[in-house]
Amino acid sequence: MTPPPKPTSSFPWLILPPAGVLIVLFGVPLLLVLAVSFASRGTYGGVEWALTFANYTSIADPLYLRIFWRSLWLAVATTAICLVMGFPLAYVIARAPKRWQGLLLFLVIIPFWTNFLVRTYAWMFILRTEGLLNQALLSAGLIHEPLNILFTDWAVLIGLVYGYLPFMVLPLYAALERLDRSLVEAAWDLYARPVQVFTKVVLPLSRPGVIAGCVLVFIPSLGAYVTPDLLGGARTMMVGNLIQHQYLVVRDWPFGSALSFVLMAGVLAAVLYYLRAGGARSLT
Amino acid sequence: MKTGRWLIAAGVADLFFLYLPIAILIVFSFNASKLSARWQGFSLQWYAKLFTNQALLAATLNSLAIAVLSTVLAGLLGVLTAVALERRPFRGQAAFEACLLLPIVIPEIMMGVAMLLFFVMIKLPLSLVTMTIAHTVFNFPVVALIVRARLRKLDPRLEEAARDLGATPWIAFKRVTLPLLMPGIVGALLMAFTLSLDDFIISFFTAGVGSTTLPIKVYGMLKSAVTPEVNALSAILVLVSMALVAAATWVQRK
């Protein structure tokens, strides 16, 4: 590797167009959401520029708090399940012969680039009352009447885990692939039990990957919209659905904006935790 | 040390978990039954029905138009970003890089809401134009990341040699760096095209009357009565994405 060039004194013209696009078409819209969250709702659903904190205080309503709470526990549960499920797969890929690794990674990446709506629909198809799962369980004699899984929190949880598992596997693989095998072998030679090898050697050494994976799964799960909308019922709303409802149905944009910023705060907290844990280094 | 058997079993189970639902969907798109949960023989009737659906055809054309345009724009901006970051370091670059990741990291619903609000405030009617702008914004950082990774692996001395031989910076870039970057750029464009084609949430918020895209159409079908046609359409969408990603991975192998 050659050393990177030093910052030049000349004006950075090249970065101007992308920086302009990022500021005008992304930064300004986000700031608009922040500004509108302190405005009030106009009579016909527009925005009236009267400074108020009412949008934030009304989030304290138990109805909305329950939705935030559900989003939080679903996001945490999704992250935990993805970690437990993703670890073995990432480990197997990292330990596979080099010529297999590319193919296996490709297999993990493909679903991630596949239409999210379609992947969610696949679970509607499987989980519904007259769906495949119930048919299989009924004909196997394991149940006597169909289970109602679709339109419950369980269906949402399955959908979220299914949707974001690749986000966990990829950074875990990156960390495990770099893990020095001789350290694991040393642990075995010193008669560590399998659990000890895992908790004392593998897990601490793959920490950056674990943190990156957890953050990458937690953020989209917390802000999920499609999964709870299609797999959940009217009673399994998450923050994403509440925001969409306020924006497109109730047309209370200030309240919707305030909800968005509370969600954003959750996202930023996760990102900050990631940066403080030294996660940024693990990605480059 | 050998990888434990139960570990391999768990890994294989994960792959089954990832692929089984998609496989089931594709298999059942060929099912003759209208009730669609029981296999009643092979049939192509749902595909045939799709191709006579005019509204679906219009949505497909909208999707393609947005995907092509936003991919071209994201490509230009993304390559420019990658080159600037890698070859022309500037003050405040670290902060810019963090901001560049934001469109990728924040929940899509936040971006959808922000874009909707922005377009309404500047009084730009929601249409194919607003959707193309929104897609460009979420796509160009993706292109920038992929192209930059490629650029980082190139030896900067190649371009310097061209400069020493009297090439202008632009000629040196065009004749030396750009051809070497091409596999990365083509791969990134295919990825951006896929993301645009598959996007639902941001499109949903920035779509106007008459600018329905394929995913918005699919969503509408899923929310009303689910017919076997959805399975056929889903199967096509899945296979198109897979083909695009396979192509993107393949061109980048060189």
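The values are calculated or read from the model by the stated rules, or taken from the named source; none is laboratory data. The structure displayed is predicted, hence computed values, not measured ones. Cβ atoms come from the backbone with ideal geometry, glycine included; neighbour counts cover every protein chain shown. Accessible surface is based on the protein model in full, side chains and every heavy atom, while ligands, DNA and RNA are left aside. Shrake-Rupley method; radii C 1.70, N 1.55, O 1.52, S 1.80 Å.
Tabulated data for the structure shown
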read-out	value
Single residue of the stretch B:200-232 satisfying the filter (outside any helix (DSSP H, G or I) and facing chain A (nearest Cβ under 8 Å)) that is farthest from residue B:50 (Cα to Cα)	B:200
Cross-chain or 6+ apart pairs with Cβ under 8 Å, the stretch B:176-197 first and at negative phi and in a helix (DSSP H, G or I), then open to solvent by 20 Å² or more (accessible area, probe 1.4 Å) and among the acidic types (Asp, Glu)	B:176/B:159; B:177/B:159
Residue match in the stretch A:133-148 (condition: closer than 30 Å to residue A:68 by Cα and modelled with pLDDT under 90)	yes
Odd one out for residue B:47, checked against (1) closer than 24 Å to residue A:31 by Cβ; (2) in a helix (DSSP H, G or I); (3) touching a helix residue (DSSP H, G or I) at 6+ places or on another chain (Cβ under 8 Å)	(1)
Listing of helices (runs of 4 or more DSSP H) fully contained in the stretch A:97-215 that carry 2 or more residues being open to solvent by less than 50 Å² (accessible area, probe 1.4 Å), in contact with a helix residue (DSSP H, G or I) (Cβ under 8 Å, 6 or more places away or on another chain) and in contact (Cβ under 8 Å) with a residue 40 or more places away in the chain	A:98-112, A:116-127, A:153-178
Selected residue (only one of B:104, B:133, B:109 is open to solvent by 40 Å² or more (accessible area, probe 1.4 Å), facing another protein chain (nearest Cβ under 7 Å) and either touching a Gly at 6+ places or on another chain (Cβ under 8 Å) or in a helix (DSSP H, G or I) (or both))	B:133
Test: residue in the stretch A:249-256 that is open to solvent by less than 10 Å² (accessible area, probe 1.4 Å) and either of a type in the set (A, V, I, L, M) or farther than 27 Å from residue B:115 by Cβ (or both)	no
Set B:124, B:165, B:154: member being surrounded by fewer than 19 Cβ atoms within 10 Å (Cβ to Cβ) and either closer than 23 Å to residue B:79 by Cα or in contact with a Pro (Cβ under 7 Å, 6 or more places away or on another chain) (or both)	B:154
Residue that is more than 24 Å from residue A:224 (Cα to Cα), open to solvent by 60 Å² or more (accessible area, probe 1.4 Å) and of a type in the set (D, E, K, R), where the choices are A:66, A:41	A:41
Those residues of the stretch B:75-101 which are surrounded by fewer than 18 Cβ atoms within 10 Å (Cβ to Cβ), in a helix (DSSP H, G or I) and facing chain A (nearest Cβ under 7 Å), in sequence order	B:99
Extreme residue, nearest to the other protein chains (Cβ to nearest Cβ), among residues of the stretch B:1-32 that are assigned to a loop (DSSP other than H, G, I, E, B) and exposed (fewer than 13 other Cβ atoms within 10 Å of the Cβ)	B:1
Which listed residue is over 22 Å from residue A:159 (Cα atoms) and modelled with pLDDT of 85 or more, from A:254, A:228, A:194	A:254
